[in-house]
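Okay, structure first, notes after.
The values are calculated or read from the model by the stated rules, or taken from the named source; none is laboratory data. What you see is a predicted model; the values in this text were computed from it and never measured. Here the Cβ positions follow ideal geometry from the backbone for every residue, glycine too, while neighbour counts run over all protein chains shown.
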Amino acid sequence: MGSHNHTYASRVFCFILATLPFFASAETCQPELHGNLAIDADNVVFEKNNDMFRIDATGNLFYDIHRISLSDVQRASLTEYNQIIRNDLPFIGRTLTEELHTSWLALDGVISAELGEKSVLRGEIGKFHQYLQDRVNTSLYSPESLPVLNHQALTLVVREVEASIPQLIATVASQGLMDIALLSEGKSNKMQFISQKMATLQDKLADEVKLQRNRTLIARQAVCDRFEQWQMQEAEIASLIPALSDWKTVTIR
């Protein structure tokens, strides 16, 4: 039973990570975020270390309220950057939140089918998902539901997930076992039922992991491709405009 219990917990937690395409995308890219971005009408607003820059749709650059004098080449690069961010930021926010939700539904479906709709484990994992979804949404959308990228908030979510690993595994193991124990009531051989149910559940979760990883691969790669384009465009801006020599919102490792 102990071995089944540990394997079951590990498989479920691995699936939880599989539902987080941004965090579990090492096979595609590992983005490291450095600054905050927001879209305000046709403007892109960048904030880092309490410095605020704004780029309008025609490539004009403002530091706070002060307009910075630029050449045509510099303005052209900023115009392209403005267009890239205004296209990509909504896409990234929408993609990450939708992929998280879709993968969660798959996980919830397995737990519900195997342990019942009133499963305690289903409720506990559901609470974790809702908390995580809210935290991710806060990182990717403003209170007015406008696309943003709050790098500190998103980084904090990743750290919270990493710190919650022991508690999640303990919850999955204990609550899952309790659910199966309740289902075993009235069975002629409870221990055999529990053992077989554990094995069936972990196999179905393992199969779902594969399906979800394959399903999200294209979306994760699409996000990585956009981050790589940001990195290249920001490197060009940094080389063209001395005042922005450290301009960087993302580094792909």
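Take Ala222 and tell me if it is over 21 Å from Trp104 (Cα atoms) and part of a helix (DSSP H, G or I). Full working, then the answer.
Details: over 21 Å from Trp104 (Cα atoms): no; part of a helix (DSSP H, G or I): yes.
Answer is no for this residue.
For segment 16-24, check the following and say yes or no: at least one residue is assigned to a helix (DSSP H, G or I) and either surrounded by fewer than 19 Cβ atoms within 10 Å (Cβ to Cβ) or modelled with pLDDT of 65 or more (or both).
Our first condition is that a residue be assigned to a helix (DSSP H, G or I); within segment 16-24, this holds for 16-18.
Right, trim to either surrounded by fewer than 19 Cβ atoms within 10 Å (Cβ to Cβ) or modelled with pLDDT of 65 or more (or both) and you get 17.
Looking for residues that are assigned to a helix (DSSP H, G or I) and either surrounded by fewer than 19 Cβ atoms within 10 Å (Cβ to Cβ) or modelled with pLDDT of 65 or more (or both), one finds at least one in segment 16-24, hence yes.
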Notebook entry, point to check: Any idea how many residues of segment 175-209 are surrounded by 19 or more Cβ atoms within 10 Å (Cβ to Cβ) and free of Cβ contacts under 8 Å to residues at least 40 places away in the same chain?
Noted result: 0
Notebook entry, point to check: What do you reckon, is Ser195 at pLDDT 85 or above, among the small types (Gly, Ala, Ser) and in a loop (DSSP other than H, G, I, E, B)?
Noted result: no
Check: If you go through segment 211-225 one residue at a time, do you hit one that is within 20 Å of the chain's Cα centre (by Cα), more than 26 Å from Glu32 (Cα to Cα) and either modelled with pLDDT of 85 or more or surrounded by fewer than 18 Cβ atoms within 10 Å (Cβ to Cβ) (or both)?
Finding: yes
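Of everything in segment 25-54, what is more than 13 Å from Trp247 (Cα to Cα), hydrophobic (A, V, I, L, M, F, W, C) and at pLDDT 85 or above? Give them in sequence order. Spell out the reasoning first.
From segment 25-54, those more than 13 Å from Trp247 (Cα to Cα) are 25-32, 38-44, 50; that's our starting set.
Imposing the further condition that a residue be hydrophobic (A, V, I, L, M, F, W, C) reduces the set to 26, 29, 38-39, 41, 44.
Within segment 25-54, Ala38, Ile39, Ala41, Val44 meet the criteria.
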Next item on the list: May I ask you to verify whether Arg122 is crowded, with 19+ Cβ neighbours inside 10 Å, more than 23 Å from Ser145 (Cα to Cα) and not hydrophobic (A, V, I, L, M, F, W, C)?
Entry: yes
Margin query: Among (1) closer than 26 Å to Val223 by Cα; (2) among the hydroxyl-bearing types (Ser, Thr, Tyr); (3) modelled with pLDDT under 95, there is one condition Tyr63 misses while meeting the rest; what is its number?
Written below: (1)
Item checked: Count of segment 91-108 residues which are over 9 Å from the mean Cα position of the chain (by Cα) and farther than 21 Å from Ala38 by Cβ -> 8
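Taking the stated definitions as given, is Asp134 in contact with a Lys or Arg (Cβ under 9 Å, 6 or more places away or on another chain), of a type in the set (Asp, Glu) and either within 30 Å of Glu234 (Cα to Cα) or surrounded by 14 or more Cβ atoms within 10 Å (Cβ to Cβ) (or both)?
On the way: in contact with a Lys or Arg (Cβ under 9 Å, 6 or more places away or on another chain): no; of a type in the set (Asp, Glu): yes; either within 30 Å of Glu234 (Cα to Cα) or surrounded by 14 or more Cβ atoms within 10 Å (Cβ to Cβ) (or both): yes.
No, not satisfied.
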Item checked: Count - residues of segment 151-170 that are under 22 Å from Leu89 (Cα atoms) and surrounded by fewer than 18 Cβ atoms within 10 Å (Cβ to Cβ) -> 5
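Just to be sure I understand, how many residues within segment 66-83 are in a helix (DSSP H, G or I) and either closer than 16 Å to Ile241 by Cβ or modelled with pLDDT under 95 (or both)? Reasoning before the result, please.
Kept after step one, since they are in a helix (DSSP H, G or I), are these residues of segment 66-83: 72-83.
Now narrow it down to the ones that are either closer than 16 Å to Ile241 by Cβ or modelled with pLDDT under 95 (or both): 72-82.
Matching residues across segment 66-83 total 11.
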Next item on the list: Give me the pairs, please: first residue somewhere in segment 68-83 and under 13 Å from Ala57 (Cα atoms), second residue anywhere and charged (D, E, K, R) and in a helix (DSSP H, G or I), beta-carbon distance under 9 Å, and either six or more positions apart or on two chains.
Entry: Ser77/Glu236; Glu80/Glu236; Tyr81/Glu234; Tyr81/Glu236
Item checked: segment 74-111, residues that are small (Gly, Ala, Ser) and either touching a Cys at 6+ places or on another chain (Cβ under 8 Å) or exposed (fewer than 15 other Cβ atoms within 10 Å of the Cβ) (or both) -> Ala76, Gly109
Notebook entry, point to check: Pick from segment 48-73 the residues that are aromatic (Phe, Trp, Tyr) and surrounded by 14 or more Cβ atoms within 10 Å (Cβ to Cβ): which of them is farthest from Glu234 (Cα to Cα)?
Noted result: Phe62
Note to self: Here is a check on your reading of the model: is Val148 surrounded by 18 or more Cβ atoms within 10 Å (Cβ to Cβ), among the β-branched types (Val, Ile, Thr) and assigned to a helix (DSSP H, G or I)?
What the structure shows: no
Check: Would segment 157-166 turn up any residue that is over 30 Å from Glu47 (Cβ atoms) and over 18 Å from the mean Cα position of the chain (by Cα)?
Finding: yes
Next item on the list: Could you run through segment 139-160 and say how many residues are touching a Phe, Trp or Tyr at 6+ places or on another chain (Cβ under 8 Å) and closer than 13 Å to His34 by Cα?
Entry: 1
